[in-house]
Each structure stands twice: as C-alpha cells, then as structure tokens.
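Scroll down for the structure; my scribbles are underneath it.
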Amino acid sequence: MAKPIGSGILLQPTGMRVMKELGLLESALEYGQRIDRLYGHTDRHFGKPWKFSQQVHKCVLDLQYKYLGEGYYGLGIHRGTLFELLFNQVSNIPNINVKCGMEVCKIEENQDSARLYFKTPEGKHELLDQYYDMVIISTGTHSKLGNFENRLAKPYEFGSLWGNAIDNTGYSNDRTLYQKYRNANKMSGLLPIGKCISSPKDNLVSIFWSLTQKDYMEFQKLSRDGIDFMEWKQSLVDFWPSLEPFISQITSKDQLTYATYNDVQMSPDNWVTDRVVTIGDYCHGTSPQLGQGCSLAFVDAHVLNQCLEKTPLYSKQAQSNYSLKQALAEYRDKRMSHVIGYRLASRILTPFFQSNFHSVSYMRDIVMGPLCNIQPARWFMLRTLAGIQSGWFDTFDGKFFD
Ligand SMILES: Cc1cc2nc3c(=O)[nH]c(=O)nc-3n(C[C@H](O)[C@H](O)[C@H](O)COP(=O)(O)OP(=O)(O)OC[C@H]3O[C@@H](n4cnc5c(N)ncnc54)[C@H](O)[C@@H]3O)c2cc1C
C-alpha cells in the first residue's frame, strides 16, 4: 500500500545521518528546508493566568540546534518528497520487486521461511507464491497486522489537523519551526518544508492545528467552504495572527487532513521472532510532539541492515555461523535503550502540549522558557530534540554509524 501522504515532517540529525548513508541527503537538503530553531510562545497573562491576550508574548520553548555544535540542524521536508527519494532509490536496485497497492493481511512463518497473505479487492485473503527468508513489519502506528498479540496501540485523545500552503512571505527564511500554545488544549505550528518534488516551484509551509477526536467530529459538520468554515478559519487567525497568510490559502475543508496517533505499547521482547522483525511506528509509535518518529524509524532500518550484513543471507563473505535469529536479537538489543527513552519522553511531554490538564500547561509556561537558557537543562532538551539522547545519560550520537 505504498502511497505518499503530504504533511510536513521535521527530520532530526539522526534521521539525516541515515539519509547520508543512503546517498540521499544532498537531494533531501536541496528540496527540504533547513531548520535551526524551535520556538514556541503563549499569550497567557501571568497576572491573571486564566486570561489570554494578544498583547502578551511569553516564550515557552526556544531551542537552537547550534548550541549542540556545528553541523547540527533539522530538516523540514514534505512527506511526498521524502517518499519519492526513498522509493526511486529502491526502485533502481536490481532484484527488488516492489509491489504497490497491496494490503498485507497475514504473515506466516515456519522454520525455513516466511510467507505473506494479501487482501484482494474483493476482501479475500490470498497467499503470495513467494517464500521469504524474513519479513520486516513497518506498517506504522495504525497497522492491523496482528502477528504480535502483545502489541497495544492506544489512541491519543488529541490528533492534528494539517495542510500545506505556499510561503509568499519569506517566512521560511527564519529556518524556524514556530508554535503557539494556549493552555494545553490549543496549539498550532508552522513548519517550513521547502519544495515538493512533484511541483518544485514554491516553498511550502505546513500548518498544524491540534484537535481532539471529539472536536474533529464537530469540524466535520462544517460546510466544505461556506461561511461557517470561514468563521472557523478566522478563529484560528484570532488565536495566532501569524497563521493568516497561510490559512487564507485554505479555501476548502478538503485541503486539510486530520491525523491521529497512538501510543504503541510493545515490549522489545516482542519486536522480533525467528523470521519477522518490526521497525518504526509499528513497534514504538508515539505522539509526534518531539518530532522523532521518522528519524527513529530511519535509525531502526539502518541498525537492522548493519546486523543483517553479518549473516550469510546477505553476503557470501559474511560470518557463516551468524544466524538470522542472532542478527534480529542484536538489532533489538541495539535499539532498545534509544527507543524506550524517546517513548518515555513522549509520554511525559505530550500532556504538556496536547491535553486538557491546564495546571500542567501553567507549569510549562512558567518553567520551560527559562530552562531553555539554563545549563544543563538546555543541553538535555536540545539533545532530546536532536534525537541523540539515549536513556538518561547515554549518547546515541554516532554510535551506530561507521
Ligand atoms: C500530524 C503528524 C505530524 C508528524 N510530524 C512528524 C515530524 O515532524 N517528525 C517526525 O519524525 N515524525 C513525525 N510524525 C510521525 C511520523 O509520521 C511517523 O513516526 C513515521 O511516519 C513512522 O514511519 P513508519 O515507516 O514506521 O510508518 P508510516 O510512515 O506510517 O508508514 C507505514 C506504511 O505502511 C503502509 N501499510 C499499513 N498497513 C499496511 C498493510 N497491511 N499492508 C501494506 N502496507 C501497509 C501504510 O499505508 C504506510 O504507507 C508525525 C505524524 C503525524 C500524524
């Protein structure tokens, strides 16, 4: 079911390192937009903390990659662009037979091989006539592939409504992901994402609007492009005037997509079996608050590749006694602490930005801004943002790259 989906994503230095290994970083940088800073603010009135006013501008987050050292930055990129770059690369490798538009519905494995069933347009389950040495499940957070009974995907109450608009204002030149917060239940973001590979004329900006699943049902009741929809748009501009040049380009509800996310609970013990391995959101999906999901999935793939290289399946020069089972276990052990750290960080931080806990957001508005300027808090927050924190004290940076 390979299909490009269009919101913007922020790639972290870890994900970009993998792109470099794949020889794709140069193209990604050419299309995407370098991001140097994450800046978030609120308009909470601190004399009367339950009141909000456009006259107030209080910094809540100010994280600049440059404080980590030279060469650290993020990359805003259109999902379709990222998909095309990866897809073209895979399509050019001989002996890889890419089948698109097929929904895998079941995986069967035995001692010698693994096999796949896919769903036909009539809804039947059909067995593919190939035998595989191994299957990688990378079907994302909403996947229904159910080989792993110990996987629980718990939906977050909040999701995100997003759309893309052309940057006519030079907004992207700031190289900043801007966010605006009000309490923890209102949040919007503007992420510059550079050009889309399929229409590389204009620079784009992705708009994000945080919305509960319940409020999304109300949004769905609005007309496609009538007065009620225009009023809804105006309420966003009233909340954050910076949205105006972008939201004004959204003339119909169809230009916005609602995305939900899960907190995927799956113990690393269950990430691999003898011939099946899981990577990415399928086994450790979180809320996108930390902007890590894609980069974590990239690193998973990279580490898995490194482990498989040692097996005879991969090359004749490999250690002949290094089995697939050992390689998969090594992959799991190498990824565990990095992934678990981010899953925990996401669980702790999400309520500060997407929840109905107003007291938590009050604490956020008081504490987080100053912490961004105090060491070692700034250092810790930046390392977390850049994807290089592993556990509490360990550094992931460069550990798995030659
Ligand atoms: C609104 C939003 C904003 C985000 N922002 C960021 C960000 O800024 N930075 C970041 O790093 N991450 C971000 N994320 C998270 C990021 O999108 C995910 O972490 C990342 O895409 C995970 O990659 P994946 O390959 O594991 O899964 P996915 O990207 O979800 O890919 C899974 C693929 O498998 C296909 N599939 C599913 N089931 C089947 C099946 N049965 N058979 C065949 N194919 C199947 C799907 O169609 C899909 O193409 C965001 C997510 C959302 C929703």
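The values are calculated or read from the model by the stated rules, or taken from the named source; none is laboratory data. Quick caveat: nothing in here was measured; it's all calculated off a predicted structure. A quick note on method: Cβ atoms are made from the backbone with ideal geometry, for glycine too, and the neighbour counts reach across all protein chains shown. Side chains are part of the model used for accessible areas, which takes the heavy atoms of the whole protein and leaves out ligands, DNA and RNA. Shrake-Rupley method; radii C 1.70, N 1.55, O 1.52, S 1.80 Å.
Results, tabulated for the structure shown:
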| read-out | value |
| --- | --- |
| Heavy-atom accessible area ranking, 1.4 Å probe, most first, across Cys100, Cys294, Cys196 | Cys100, Cys294, Cys196 |
| Given Lys144/Lys253; Lys119/Lys144; Lys180/Lys233; Lys99/Lys119, the pairs whose alpha carbons are separated by over 21 Å | Lys144/Lys253 |
| Dipole-positive endmost among Val98, Tyr178, Tyr117 within segment 64-202 (Cβ charges, Cα centre) | Tyr178 |
| Accessible area per residue in Å² at 1.4 Å probe, computed on the chain | 50 |
| Alpha carbon centroid spacing (whole Å) that separates segment 134-183 from segment 90-123 | 25 |
| Distance-filtered residues of segment 42-67 - backbone nitrogen under 12 Å, label point 7 angstrom along Asp36 Cα→Cβ | 64-67 |
| Rounded if a/c under 1.5, otherwise prolate or oblate - segment 280-367, Cα gyration tensor axes | prolate |
| Candidates Ile137, Ile227, Ile250, ranked by Gaussian network fluctuation over the chain, Cα under 10 Å, top entry | Ile227 |
| Share of carbon and sulfur in the accessible heavy-atom surface of segment 28-148 [1.4 Å probe, %] | 49 |
| Computed [θ] at 222 nm, helices only, for the chain once each DSSP H run of length n ≥ 4 contributes -39500 (n - 2.57) | -10000 deg cm²/dmol |
| Along principal axes, Cα extents of the chain, largest first, whole Å | 69, 53, 41 |
| Of the trypsin sites (Lys or Arg not before Pro) in segment 97-167, those whose Cβ has at most 12 other Cβ within 10 Å and which sit in DSSP loop | Lys99, Lys124, Lys144 |
| Reference-scaled alpha-carbon Rg (2.2 N^0.38 Å with N residues) for segment 240-326 | 1.69 |
| Label-point separation, Gln130 to Ile348 (7 Å along Cα→Cβ), nm | 4.3 |
| Dipole magnitude (debye, nearest 20) for the chain, charges at Cβ of Lys, Arg, Asp, Glu | 760 |
| Mean Cβ count within 10 Å, highest first, over the residues of peptides 89-97, 217-225 | 217-225, 89-97 |
| 11 Å cut-off, amide nitrogen to a point 7 angstrom out along Lys66 Cα→Cβ, residues in segment 9-39 | 36-37 |
| Positive-end extreme of charge dipole, segment 331-390 - chosen from Leu371, Phe357, Ser390 (charges on Cβ) | Ser390 |
| Carbon and sulfur %, accessible surface of segment 239-391 computed with the full protein complex present, 1.4 Å | 60 |
| Nearest-10 value in Å² for the accessible area of Tyr39, using the 1.4 Å probe | 40 |
| Rounded to 5, percent antiparallel among DSSP beta bridges of the chain | 85 |
| Gain in span if fully extended, Thr120 to Ser320, counting 0.36 nm per residue against the direct Cα distance | 68.1 nm |
| Length-normalised contact order for the chain - Cα pairs under 8 Å, 6+ apart - percent | 21 |
| Sequence-separation-based contact order of segment 136-215, relative, with Cα cut under 8 Å and 6+ spacing, percent | 33 |
| Positive dipole terminus of the chain, leading residue within Ser160, Ser53, Asn262 (C-beta point charges) | Ser53 |
| Under 19 Å from the Asp225 label point (7 Å along Cα→beta-carbon), backbone N, segment 138-171 | 162-166 |
